[in-house]
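Novice: Below is the structure I would like to discuss, written out as structure tokens.
Just so you know, all these numbers are worked out from the coordinates, no wet-lab data involved. Keep in mind the model is a prediction, meaning the values are calculated, not measured. Glycine gets a Cβ as well: all are built from the backbone with ideal geometry, and neighbour counts include every protein chain shown.
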């Protein structure tokens, strides 16, 4: 069972995420490596928002391959390089998450494994 909580003793979330998720009982965990902004054919767009969309699509495909879905996500970490429009980033991510608010961390880093990568997304899921 997953219990999503935002304790009253902690500030309200500043975006669509949850401060903590407690998992109890008999569960199946899935740990995902960082998903890049490449599409299914291996193409990498220059646009960082399109890279976010592709990385989220890859995350969804990984969940589906494990018979899981978006609602099973408990933690997502975004690694981003360079300036990315926050409103467009939020919109791109919310297209995939809808009203599901997993724990989330967003980091701006100096670089990723290749200079053309602007986004990498890793996640934990539990069903």
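Novice: Springs between alpha-carbon pairs under 10 angstrom, Gaussian network model over the chain: which of 24, 105, 77 fluctuates most?
Specialist: Among 24, 105, 77, the largest GNM mean-square fluctuation belongs to 24.
Novice: Now, a different point. Angle check, please: helix 86-97 long axis (alpha carbons) against the longest principal axis of the chain (alpha carbons), in degrees 0 to 90, nearest 10.
Specialist: 60 degrees
Novice: Taking a ≥ b ≥ c as the square roots of the eigenvalues of the Cα gyration tensor of the stretch 59-117, is the shape rounded (a/c under 1.5), prolate (a/b larger than b/c) or oblate?
Specialist: Details: a/c = 2.21, a/b = 1.53, b/c = 1.44.
Judged from the Cα gyration tensor, the stretch 59-117 comes out prolate (a/c at least 1.5, a/b above b/c).
Novice: Express in nm, to one decimal, how much length is gained between residue 127 and residue 26 on full extension, taking 0.36 nm for each residue of separation and deducting their alpha carbon distance.
Specialist: Additional length available on full extension: 35.5 nm.
Novice: Between (1) 14.7, 46; (2) 18.3, 73; (3) 15.7, 55, which matches Rg and Dmax of the Cα atoms in Å calculated for the structure shown?
Specialist: Among (1) 14.7, 46; (2) 18.3, 73; (3) 15.7, 55, the one derived from this structure is (1).
Novice: Which distance in nm do the two modelled labels at residue 105 and residue 87 give, with both placed 7 Å along the Cα-to-Cβ direction?
Specialist: That separation, rounded to one decimal, is 3.0 nm.
Novice: Taking only C-alpha pairs under 8 Å that are 6+ residues apart, what is the relative contact order of the chain in percent?
Specialist: 35 percent
Novice: Could I ask something else about it? For the chain, modelled as a Gaussian network with Cα springs under 10 Å, which listed residue fluctuates most, 14, 60, 109?
Specialist: 14
Novice: May I ask you to list the residues of the stretch 7-39 whose amide nitrogen lies under 16 Å from a point 7 Å from Cα along the Cα→beta-carbon direction of residue 116?
Specialist: Residues 36-39 fall inside that zone.
Novice: Also, quick follow-up: Nearest 10 degrees, 0 to 90: what angle lies between the long axis of helix 48-65 and the longest principal axis of the chain (Cα atoms)?
Specialist: Taking Cα atoms only, the helix is inclined about 50 degrees.
Novice: Counting only the backbone N, which residues of the stretch 99-120 are under 11 Å from the spot 7 Å out from the Cα of residue 77 toward its beta-carbon?
Specialist: 105-107
Novice: Out of 80, 106, 56, any idea which swings most in a Gaussian network model of the chain, alpha carbons joined below 10 Å?
Specialist: Greatest mean-square fluctuation among the candidates belongs to 106.
Novice: What number, rounded to the nearest 500 deg cm²/dmol, is the helix-based mean residue ellipticity at 222 nm of the chain, given -39500 (n - 2.57) per DSSP H run of at least four residues and division by all its residues? Intermediate results must be reported in sequence, preceding the final value.
Specialist: On the way: 2 runs with 30 residues, N = 127.
My calculation for the chain gives -7500 deg cm²/dmol from helical runs alone.
Novice: Which distance in Å, rounded to a whole number, links the C-alpha centroids of the stretch 32-96 and the stretch 109-127?
Specialist: Using only Cα atoms, the two centres lie 9 Å from each other.
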